[in-house]
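Undergrad: The structure follows.
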Amino acid sequence: MKKKILIIDDEENIRYTFENFLADEGYAVLSAKDYGDALVAIDEADFDLIFSDILLDDKSGIDILRYVKEKNLNCPVVMITGIPGMGTATEALRLGAFDYVPKPVLQGTLLRVAKVALQHKSLIDEKERYQTNLDAIFRSVRDAIITVDEDLVVVEMNAAAEQICDLSRNIIGKPRGSFQTHCGGRCFEILRTTIEEKQSFEESCLECKHTHRPHQVVSISTSPLINRKGIFKGAVLVVRDDTHLVELERDMKERRKFYNMIGKSEKIQTIYSFIEDLADVQTTVLVLGESGTGKELVAEAIHYSGARSNKPMVKVNCSALSENLLESELFGHVKGAFTGALQNRVGRFQKADGGTIFLDEIGDISPRIQLQLLRVLQEREFERVGDSNPIRVDVRVIAATNQNLSEKVKQGEFREDLYYRLKVVEMRLPPLRDRKEDIPLLVKHFVKKFNKKLNKEIFSISADVQKIFMNYTWPGNIRELEHTMEHAFILCHQNIIMVDHLPLNFKDYIEPHRASSEDTKVEELHSIRRALEQAAWNKVRAARLLGMSRRTLYRKIKDYKIEVKEIDYKN
């Protein structure tokens, strides 16, 4: 279609000249001799460009410009002036005129200005179409969508965000901290992590802790925003309201996911309900269960579903540190407290003030640390190493272990008073072999996870693999299943994971009626040795490379009488 141009000038010869010059270039040209005719023309047609004389009989080109702006038209307005240096021309540009052309108007100048102005109009129209489509998409999506820049300043949000997140559009242009006061704020914590790590994250069954909708449950996903040049510009948060679905599943006792925990078995449903009962009760919890059953996930679920969800969640692996290091890690130290204490250090308990501290592998702590921990639980205070000034904290303690603490108490290895302080509420997680109906759900979860991590398109596992998984005892529980799936993903170059992709320790389940041949034993022995060498004789890393649990690897090392080199931690 021809571009439409309007000429407004009270001089007939100017209108005639403009019409001829522009018509010869293929434009559709209309003209108006005064302000009144111009307004009628503007109201009746959609012009791509307007040329207007600054000085009209009763009005001015500035009035034309203001009318175009009031009507929110994207049409550029170019002023015609006989005195280029006059103040009205400068004022017109300040008010938004695209350009001006001086009299007498040269054909080349006129056509050049018209071409540039029409190109500008095309860009504006394209941007408007893009924005209109984007707005339509935003309005049609029922999930809340919020975009932020690198500083967590809100850039845009859709109507669903107003309803689900209880926000108003006046937050656009404001940082998160200036308005996020009515909920737990977990969404924006994950959004901040997305910006810091420039990675996508997902979390399901998250309780919002809304002031006005306290029982709202949502699923969220975040992704970094990268422009066409590959430059990081911020992140997007998508929030789906799952409240109705969660309530329905709860009523039917068929919830398949709770925070990051997955399962629908009766035993795991009991754990879900137990966590909900504990969420807002600030008592100490002892989580028991075999290695790999998900004790840390339970601690996270208790914390993030409770009143402390917007406060710190601090984790400590008590078995990973020596007594002195653990003492400093838990309680902090002052400068000069011991050799190497070059500055003051804040301990994990102080960092967790107001929130939750998760003490994993609590059964491995020494008697001295047991005594100090007992004092914290009883009096809610402690001293930093090398300091005599007590520090008071408000911290919820969740402890976990895979050991039999009551047996350790009988043997004098664990303080009885601390044991009873820790087990005010005791939660025992079922091993995977006792909830095998959850294996298909877990497999589906890991297929999705490793497809994304390893950039593959694997649909599922074969029926034979499924049968093996259901018959296997899973001594390493969910962690072993995850490592097995990752091992299979690495070896699989098709769409379905087959039996041949499984780790070697599944051989007995793959061929239940055939005794292992000598060749198979030799092959397995060599595989274990290669893995140990590749892992620098670190048995934990070697077990991961082989796709087996640590316990299985230890058993095979003993069976094959493999001499394991000691790890030199100094090098």
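The values are calculated or read from the model by the stated rules, or taken from the named source; none is laboratory data. As the structure is a prediction and not an experimental result, all values here were calculated from the model. Glycine gets a Cβ as well: all are built from the backbone with ideal geometry, and neighbour counts include every protein chain shown. Ligands, DNA and RNA are stripped out before the accessible areas are found, and what is left, the full protein with its side chains, is counted by its heavy atoms. Shrake-Rupley method; radii C 1.70, N 1.55, O 1.52, S 1.80 Å.
Undergrad: Cβ-Cβ under 8 Å, sequence separation 6+ or interchain: first residue in the range 259-271 and among the small types (G, A, S), partner part of a loop (DSSP other than H, G, I, E, B) and open to solvent by 70 Å² or more (accessible area, probe 1.4 Å). Which pairs?
TA: These pairs meet every condition: G263/R256.
Undergrad: Go through the range 365-382 residue by residue and tally those that are outside any helix (DSSP H, G or I) and either more than 22 Å from A337 (Cβ to Cβ) or open to solvent by 60 Å² or more (accessible area, probe 1.4 Å) (or both).
TA: 1
Undergrad: Run D151 past the list (1) modelled with pLDDT of 85 or more; (2) in a strand (DSSP E or B) and report the number of the one that doesn't hold.
TA: Just one mismatch for D151, condition (2).
Undergrad: Also, I was wondering about something else. Here is a check on your reading of the model: is S319 under 30 Å from D434 (Cα atoms), touching a strand residue (DSSP E or B) at 6+ places or on another chain (Cβ under 6 Å) and modelled with pLDDT under 90?
TA: no
Undergrad: May I pose another question? Tell me whether the range 256-273 contains one or more residues that are modelled with pLDDT of 90 or more and in contact with a Ser or Thr (Cβ under 7 Å, 6 or more places away or on another chain).
TA: No, the range 256-273 has no match at all.
Let's see how each residue does on (1) modelled with pLDDT of 75 or more; (2) within 19 Å of T473 (Cα to Cα); (3) in contact with an Asp or Glu (Cβ under 6 Å, 6 or more places away or on another chain):
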| position | (1), (2), (3) |
| --- | --- |
| L491 | yes, no, no |
| F506 | yes, yes, no |
| H513 | no, yes, no |
| D519 | no, no, no |
| Q534 | no, no, no |
| L553 | yes, yes, no |
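Undergrad: I'd like the full set of residues that are crowded, with 16+ Cβ neighbours inside 10 Å, assigned to a helix (DSSP H, G or I) and in contact (Cβ under 8 Å) with a residue 24 or more places away in the chain, limited to the range 409-433.
TA: L418, R421, L422, L432
Undergrad: Working only within the range 22-49, note down all residues that are in a helix (DSSP H, G or I) and buried (at least 19 other Cβ atoms within 10 Å of the Cβ).
TA: L22, Y35, A38, I42
Undergrad: If we scan the range 121-128, do we find a residue that is of a type outside the set (F, W, Y), touching a residue at least 24 places away in the same chain (Cβ under 8 Å), under 17 Å from I5 (Cα atoms) and loosely packed, with under 14 Cβ neighbours inside 10 Å?
TA: Yes, because at least one residue in the range 121-128 is of a type outside the set (F, W, Y), touching a residue at least 24 places away in the same chain (Cβ under 8 Å), under 17 Å from I5 (Cα atoms) and loosely packed, with under 14 Cβ neighbours inside 10 Å.
Undergrad: Of the residues in the range 294-332, how many are within 24 Å of the chain's Cα centre (by Cα) and open to solvent by 10 Å² or more (accessible area, probe 1.4 Å)?
TA: The qualifying residues number 14.
Undergrad: Output yes when any residue across the range 270-288 is assigned to a helix (DSSP H, G or I) and farther than 23 Å from C208 by Cβ, and no when none is.
TA: Scanning the range 270-288, I find at least one residue that is assigned to a helix (DSSP H, G or I) and farther than 23 Å from C208 by Cβ, so the answer is yes.
Undergrad: Separate question: So which residues in the range 27-60 are within 55 Å of the chain's Cα centre (by Cα) and of a type in the set (D, E)?
TA: D43, E44, D46, D48
Undergrad: Test I171 against the stated conditions and say whether it is closer than 30 Å to N72 by Cβ and modelled with pLDDT of 85 or more.
TA: When the stated conditions are applied, I171 does not pass them.
Undergrad: For the subset of the range 110-120 comprising residues that are open to solvent by 50 Å² or more (accessible area, probe 1.4 Å) and in contact (Cβ under 8 Å) with a residue 12 or more places away in the chain, which member is nearest to A23 (Cα to Cα)?
TA: So the residue we want is V116.
Undergrad: Filter the range 351-361 down to the residues that are open to solvent by 60 Å² or more (accessible area, probe 1.4 Å) and in a loop (DSSP other than H, G, I, E, B) and list them by number.
TA: If the condition is that a residue be open to solvent by 60 Å² or more (accessible area, probe 1.4 Å) and in a loop (DSSP other than H, G, I, E, B), then D353 is the only one that fits.
Undergrad: Give all pairs with beta carbons closer than 8 Å in which a residue from the range 10-30 that is more than 16 Å from K103 (Cβ to Cβ) meets a residue that is assigned to a loop (DSSP other than H, G, I, E, B); count only pairs at least 6 apart in sequence or on separate chains.
TA: Matching pairs, first to second residue: G26/K2; Y27/K2; Y27/K3; A28/K2; A28/K3; L30/A45; L30/F47.
Undergrad: Taking D135 and the conditions (1) closer than 21 Å to R308 by Cβ; (2) at pLDDT below 80, which numbered condition does it fall short on, given that it satisfies the others?
TA: Of (1) closer than 21 Å to R308 by Cβ; (2) at pLDDT below 80, only one is false for D135: (1).
Undergrad: Could I ask something else about it? Do we have any residue at all in the range 472-482 that's within 23 Å of L278 (Cβ to Cβ), open to solvent by less than 40 Å² (accessible area, probe 1.4 Å) and out of contact with any Pro (no Cβ under 6 Å at 6 or more places or on another chain)?
TA: Yes, the conditions are met somewhere in the range 472-482.
Undergrad: Out of all the residues in the range 50-72, which are open to solvent by less than 60 Å² (accessible area, probe 1.4 Å) and not in a strand (DSSP E or B)?
TA: Result: I54, L56, G61, I62, D63, I64, L65, Y67, V68.
Undergrad: Same structure again: Just give me the residues in the range 149-168 being in contact with a Ser or Thr (Cβ under 6 Å, 6 or more places away or on another chain) and touching a residue at least 60 places away in the same chain (Cβ under 8 Å), in sequence order.
TA: Listed by number, the list holds a single entry, V155.
Undergrad: On to the next question. What are the residue pairs meeting all of these: first residue in the range 345-363, first residue free of Cβ contacts under 8 Å to residues at least 60 places away in the same chain and of a type in the set (A, V, I, L, M), second residue open to solvent by less than 30 Å² (accessible area, probe 1.4 Å) and part of a helix (DSSP H, G or I), Cβ atoms under 9 Å, and 6 or more apart or on different chains?
TA: Close Cβ pairs (under 9 Å, with a partner that is open to solvent by less than 30 Å² (accessible area, probe 1.4 Å) and part of a helix (DSSP H, G or I)) amount to I357/L330; I357/F349; L359/L330; L359/L373; L359/L422.
Undergrad: Within 17 Å of S319 (Cα to Cα), modelled with pLDDT of 90 or more and open to solvent by 40 Å² or more (accessible area, probe 1.4 Å): does that describe R348?
TA: yes
Undergrad: Give me a count of the residues in the range 185-205 that are at pLDDT below 75 and either closer than 16 Å to K452 by Cβ or open to solvent by less than 10 Å² (accessible area, probe 1.4 Å) (or both).
TA: 1
Undergrad: Out of (1) in contact with a Leu (Cβ under 9 Å, 6 or more places away or on another chain); (2) open to solvent by less than 60 Å² (accessible area, probe 1.4 Å); (3) hydrophobic (A, V, I, L, M, F, W, C), the odd one out for A337 is which?
TA: In the conditions (1) in contact with a Leu (Cβ under 9 Å, 6 or more places away or on another chain); (2) open to solvent by less than 60 Å² (accessible area, probe 1.4 Å); (3) hydrophobic (A, V, I, L, M, F, W, C), A337 misses (1) alone.
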